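Here's the structure, in structure tokens; my notes come after.
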Amino acid sequence: MRSLITATFVGALLGVTPCFGGSAAPAAVAEGGGATELNLVHHRPAAAPLNATDEHQLIVKFRDRATAQTQTGRVEALAARRGFELDGQRSVTARMQVLQMRSAAGETVEQMLTRLRADPDVEYAVVDQRRYVQALTPNDPLYSGQWFLQAVSAAAPAAIDATNAWSTTTGSSSVVIADIDTGVRPDHPDLTSKLVPGYCFISDAFEANNGTCPGPDESDPGDWVTSSDISNHPNECGGGSPGYSSWHGTRVAGILGAASNNAVGVAGVSWDAQVLPVRALGKCGGTDSDIITAMLWAAGIQVTVNHQNLVNPNPARIINLSLGGSGACPASYQDAINQILAKGVVVVASAGNETGAVDVPANCPGVIAVGGLREDGTKVGYSSFGPEVTVSAPAGNCVNSGSQDPCLYTVSTTTNLGVAGPDANDYTGQYYCYPDATGGPTSGSGSYPNCTIGAGQYRTYNVGTSFSAPQVAGIAALMTSVNANLSPSQVAARIKAGATAFPQMSIDTSPQPPACPSINANGQCICTNDSQTCGAGMANAAVAVDQALRPIAAIALPSASFAAGANVAVQGGGSAASSGAVISSHAWTNVGSLALAIANADMANATVTSPACGVGTVELTVTDDADRQDTADVVITPTSASTTAPSTAGPTNPAPATPAVIVAVCPTTATFQAGSPAQTFNAYLANTANTNVTWKVNGVVGGNANVGTVSASGQYTPPANVGKSTNVNLTAVSVADTTVSSTARVTITPIPGQSSGGGGGGGGAADGFTLIVIGLLAALTTARRLGDRRRSLDRL
Amino acid sequence: MRCASRRAALESMAVSILVSMALAANGCAAWADRPSNRSVDLASAGGCHARVIMTFTQSFEGTPPESFVAEIARAANVALAFVRAAGPGLYVYQLDSGATDENCEASLARLRGDGRVRSVDLDARRRVLQQGFAAPRPAPLLDHSPVLEVRDA
């Protein structure tokens with residue numbers, strides 16, 4: 001590819017670092033005519049070091065007359081004519097090339113460019129300058145109060161840094177996020193342009209509260225509850241308390257994707273995603289069956305309502321569920337969630353506000369469960385927690401010292417001010433303002449001078465894990481907008497990979513809260529960085545988007561079973577880069593301790609020779625044209641191959657089920673004379689990070705004098721003598737999964753002249769017999785590269 | 001026209017005020033305290049009366065045949081009445097059984113023991129996860145003191 005053209009370099013050298021030479025960019029516009037804007041903002045680091053020996057990267061556009069030559073030919077001709085050392089690196093268009101121009105001495109970049117521009121074949125030549133993105137700050141007037149969207153700071157380390165993510169992407173209108181909730185106020189000025197037609201799936205007329213459900217009406221009529229509601233509807237509201245309308249779906253919608261940078265109200269996490277409002281909750285909540293139907297419809301799966309088949313014309317890529325209840329994940333939810341994941345739809349749910357076990361449906365496998373954080377990254381007291389949590393995000397906390405103090409860390413969003421039916425559309429605030437006994441605004445009383453509500457209205461601050469989940473759903477929308485091939489499990493994995501470690505102290509709580517799962521009197525605790533309490537870390541939109549931009553490594557295995565020593569085809573051609581990028585290289589390497597022969601290791605499709613004994617792991621690394629990478633492994637035994645990677649990249653192409661633990665003992669057979677020295681057997685493991693095994697002889701841990709003994713490291717010592725030739729089984733049992741083991745067959749022959757008849761046979765050498773035992777899967781909780789490990793290697 | 005509009009607005013405000021007063025008189029803004037998982041019919045205490053979501057080991061075009069479900073119900077000594085399909089392979093039934101199973105656990109256990117039933121769950125209630133506020137003092141309403149444990153927990 002690289003054609004280095006050597007010519008005589010003439011001229012003086014001046015030490016200008018061209019990457020940041022500001023004068024060339026205007027020249028591109030002035031002279032190039034067709035040059036495109038590359039990025040948002042120029043950034044010129046101060047005092048850039050001067051380096052007189054650097055190569056200078058240029059963009060050169062040739063005139064029509066030069067196109068008769070090959071690209072290489074015209075660069076060679078240009079170099080020869082002008083006396084440059086040029087490297088024709090790559091073409092941008094038929095007439096535009098990126099060239100490396102090498103300095104020798106004395107000439108400035110501008111002088112070189114002047115000479116280049118004087119060439120009759122050159123239409124223009126400019127320095128290929130480095131550009132830098134700049135954090136985008138939306139002009140929405142309430143954005144300054146949306147601390148949770150802003151860059152991470154010392155004062156608010158839990159902020160998700162959507163600001164810097166927006167420098168890369170503000171989302172895509174082709175990505176739809178379902179807001180399965182109480183419906184929305186469709187006339188809210190910060191939402192109305194962002195909504196696609198939804199549906200109401202509430203099957204209970206009292207709960208629906210407007211007579212239009214089920215039906216194509218996603219508007220929220222209010223879900224206020226009166227004391228008579230509670231007494232008259234004990235099945236729906238029994239045990240509850242009266243309350244104002246929550247406008248909950250409207251609040252969630254604003255976080256997901258309020259119209260942003262429009263100089264109105266608030267910003268949403270995904271500026272360009274569309275929001276699909278689906279009503280499944282009303283007065284006193286909603287039922288599982290209605291929620292499940294809503295989820296399936298939102299995902300584009302046909303459902304039947306009142307004998308009518310319904311298919312959503314705007315299927316969601318992401319479903320947000322800011323709802324829940326206690327209990328184990330019901331099979332009905334899991335069934336629905338599995339159908340939805342198979343459609344490539346990401347499901348995000350709030351962990352719950354129980355200060356205890358994670359709610360349904362967040363605790364269902366496959367769901368991205370989002371816990372709640374205080375601004376300082378500690379678990380907010382009310383948030384549920386546990387190993388089911390995927391990641392955590394700000395849920396709102398107030399740090400109030402008095403009843404009239406503002407709630408400092410509310411999750412500001414869209415709402416309505418009606419106490420019952422809809423009133424004015426507006427935004428949540430920092431104060432809890434509600435009508436006084438006469439129905440007038442509390443601000444009139446002077447007790448709450450900061451309340452700005454009218455008669456009969458109310459406004460609250462906004463807290464709850466209901467509002468941490470839509471931040472992560474919005475992040476997922478940003479991610480899928482830059483890499484549409486991400487599957488739900490890949491979105492989850494990359495959100496986790498992009499999460500920031502939890503801080504191990506609180507900046508504003510004294511005394512320091514305990515480490516979770518212990519909690520202080522407020523339920524607060526320090527999240528642990530072991531994924532057992534608050535997930536993998538604090539969600540970070542900017543890093544998650546960077547993770548999404550990485551390519552996706554995919555591996556197809558045309559033959560999953562074969563004979564030992566066979567050439568096994570491993571195919572990486574199904575890998576894919578993110579939007580606008582291309583895969584530039586494939587590389588297959590051994591990453592296990594057992595090296596396998598690899599042919600065509602730098603091609604998309606390679607061939608690996610399966611081992612005679614043991615287990616090897618080969619890793620595919622795919623690199624895109626921006627040097628971003630992804631990896632995937634293939635585990636190869638003598639007779640089988642398996643991978644956790646999808647065969648091709650795509651949202652509906654799930655990775656194979658987490659593979660079983662593999663143990664393979666080498667050698668698989670051996671013959672020893674009684675009384676001979678110890679020999680070490682090796683146990684190779686794959687698909688588990690726990691490489692420990694328990695060695696047994698004929699089922700006895702460590703063996704005994706009659707059958708021989710085996711050490712913890714696999715050193716087998718035959719018995720001192722045997723009466724006749726004897727077979728024993730030497731077994732390695734996986735500690736990670738005790739149902740998985742591998743056995744070598746060992747023959748012990750008597751010492752010559754001391755046998756009690758029969759026996760005999762040679763001694764010492766291992767035969768070619770291979771036994772691989774592949775057991776059932778243990779519960780593996782981490783999906784990361786799991787190379788084979790050799791438990792013990794050294795022969796005594 | 002204008003008068004009618006104004007009257008409607010006033011009526012709306014009046015309704016709003018009445019509702020707010022009714023709510024306030026009962027201790028307002030406590031939606032977070034709503035119950036969850038309530039799916040057993042309290043009004044019919046004394047037996048198991050609940051909506052359930054069922055899946056079957058066998059797949060069906062449309063809804064499961066009545067005779068198929070009736071046989072399962074008979075074997076479990078319960079009554080199952082089809083309500084609707086919640087989605088592909090997911091069916092909502094009204095479950096009723098004898099007077100000694102108020103929380104439906106025994107009935108559900110019998111149904112789960114039937115090899116034709118893949119799963120059966122109560123059609124539980126869920127709620128929004130907006131963190132609520134401690135119920136304010138009934139009077140005076142303006143003397144509302146949010147509870148720190150809730151607000152800053």
Residues within the stretch A:236-279 that are in contact with a Ser or Thr (Cβ under 8 Å, 6 or more places away or on another chain) and without any contact (Cβ under 8 Å) to a residue 40 or more places away in the chain, tallied:
1
In this structure, does A:R745 turn out to be at negative phi and modelled with pLDDT under 50?
no
Please verify whether A:S241 is modelled with pLDDT of 95 or more and on the phi < 0 side of the Ramachandran plot, treating the condition exactly as stated.
no
Look through the stretch A:192-228, keep the residues that are within 37 Å of the chain's Cα centre (by Cα) and of a type in the set (A, V, I, L, M), and return whichever of them is farthest from the other protein chains (Cβ to nearest Cβ).
A:V196
Residue list for the stretch B:104-153, filter: more than 9 Å from chain A (Cβ to nearest Cβ), touching a Gly at 6+ places or on another chain (Cβ under 9 Å) and at pLDDT below 50
B:R137, B:P138
Expected output for the stretch A:515-538 (first residue more than 17 Å from A:A351 (Cα to Cα), partner buried (at least 22 other Cβ atoms within 10 Å of the Cβ) and among the acidic types (D, E), Cβ below 7 Å, 6+ apart or cross-chain) is A:N522/B:D152
I'd like to verify a number: residues in the stretch A:679-710 that are part of a loop (DSSP other than H, G, I, E, B) and surrounded by 15 or more Cβ atoms within 10 Å (Cβ to Cβ), how many?
8
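Which residue is nearest to A:S741 (Cα to Cα), if the candidates are limited to the stretch A:609-650 and must be free of Cβ contacts under 8 Å to residues at least 60 places away in the same chain and either part of a loop (DSSP other than H, G, I, E, B) or of a type in the set (S, T, Y) (or both)? Outline the logic, then answer.
To start, the set of residues in the stretch A:609-650 that are free of Cβ contacts under 8 Å to residues at least 60 places away in the same chain comprises A:609-611, A:618, A:625, A:627.
In the following step, the residues that additionally are either part of a loop (DSSP other than H, G, I, E, B) or of a type in the set (S, T, Y) (or both) were identified as A:609-611, A:625, A:627.
Working: A:T609: 24, A:S610: 20, A:P611: 18, A:D625: 44, A:D627: 41 Å.
Restricting to residues being free of Cβ contacts under 8 Å to residues at least 60 places away in the same chain and either part of a loop (DSSP other than H, G, I, E, B) or of a type in the set (S, T, Y) (or both), the top hit is A:P611.
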Qualifying positions in the stretch A:255-310 - of a type in the set (A, V, I, L, M, F, W, C) and assigned to a helix (DSSP H, G or I):
A:I255, A:L256, A:I291, A:I292, A:A294, A:M295, A:L296, A:W297, A:A298
Restricting the stretch A:278-294 to residues that are more than 8 Å from chain B (Cβ to nearest Cβ) and among the hydrophobic types (A, V, I, L, M, F, W, C), the residue that is farthest from the chain's Cα centre (by Cα)
A:A280
Which of the residues spanning the stretch B:107-117 are crowded, with 16+ Cβ neighbours inside 10 Å and touching a residue at least 40 places away in the same chain (Cβ under 8 Å)?
B:S107, B:L108, B:L111, B:D114, B:V117
Would you confirm, using the coordinates I've provided, whether A:T410 is β-branched (V, I, T), buried (at least 24 other Cβ atoms within 10 Å of the Cβ) and under 22 Å from the mean Cα position of the chain (by Cα)?
no
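Name the residues in the stretch A:58-72 that are among the hydrophobic types (A, V, I, L, M, F, W, C) and without any contact (Cβ under 8 Å) to a residue 24 or more places away in the chain, would you? Steps first, please.
Going through the stretch A:58-72, the residues among the hydrophobic types (A, V, I, L, M, F, W, C) turn out to be A:58-60, A:62, A:66, A:68.
Residue satisfying the conditions is A:A68 alone.
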Does the stretch A:499-512 hold any residues that are surrounded by 14 or more Cβ atoms within 10 Å (Cβ to Cβ) and under 29 Å from the mean Cα position of the chain (by Cα), and which are they?
A:A499, A:T500, A:F502, A:P503, A:S506, A:I507
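Looking for whichever is modelled with pLDDT under 90, surrounded by fewer than 19 Cβ atoms within 10 Å (Cβ to Cβ) and hydroxyl-bearing (S, T, Y) here; the options are A:Y124, A:Y132. Which one fits?
Result of the check over A:Y124, A:Y132: A:Y132.
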Taking the stretch B:59-103 as the search range and keeping residues that are assigned to a strand (DSSP E or B), among the hydroxyl-bearing types (S, T, Y) and within 14 Å of another protein chain (Cβ to nearest Cβ), which one is nearest to A:V303 (Cα to Cα)?
B:Y91
If I ask for residues that are at pLDDT below 85 and either assigned to a strand (DSSP E or B) or not assigned by TED's automatic domain parsing to the domain that holds A:E107 (or both), which ones from the stretch A:60-87 would you list?
A:E85, A:L86, A:D87
Tell me which residues, restricted to the stretch A:452-499, are of a type in the set (A, V, I, L, M), part of a loop (DSSP other than H, G, I, E, B) and away from every other protein chain (no Cβ under 14 Å).
A:A484, A:L486, A:A499
Would you point out the residue of the stretch A:321-349, among those that are in a loop (DSSP other than H, G, I, E, B) and surrounded by fewer than 21 Cβ atoms within 10 Å (Cβ to Cβ), that is farthest from the other protein chains (Cβ to nearest Cβ)?
A:K343
If I ask for residues that are touching a helix residue (DSSP H, G or I) at 6+ places or on another chain (Cβ under 6 Å) and under 30 Å from A:A548 (Cα atoms), which ones from the stretch A:490-537 would you list?
A:V491, A:R494, A:I495, A:A497, A:G498, A:A536
Take the conditions part of a loop (DSSP other than H, G, I, E, B) and under 19 Å from A:V175 (Cα atoms) and apply them to A:G523. Does it pass?
no
Take the residues of the stretch A:377-397 that are outside any strand (DSSP E or B), of a type outside the set (V, I, T) and crowded, with 24+ Cβ neighbours inside 10 Å: which is farthest from the other protein chains (Cβ to nearest Cβ)?
A:G377
Does A:I255 fit the bill of being within 14 Å of another protein chain (Cβ to nearest Cβ) and either surrounded by fewer than 24 Cβ atoms within 10 Å (Cβ to Cβ) or more than 23 Å from A:Y458 (Cβ to Cβ) (or both)?
no
Inspect all residues belonging to the stretch A:229-239 and state whether any of them is more than 11 Å from every other protein chain (Cβ to nearest Cβ) and within 30 Å of B:T55 (Cα to Cα).
no
Count - residues of the stretch A:350-370 that are within 11 Å of chain B (Cβ to nearest Cβ), over 12 Å from A:M295 (Cα atoms) and buried (at least 24 other Cβ atoms within 10 Å of the Cβ):
8
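The values are calculated or read from the model by the stated rules, or taken from the named source; none is laboratory data. Quick caveat, the model's predicted, so the values are computed rather than measured. Positions of Cβ are generated from backbone atoms using ideal geometry, with glycine treated the same way; all protein chains shown enter the neighbour counts.
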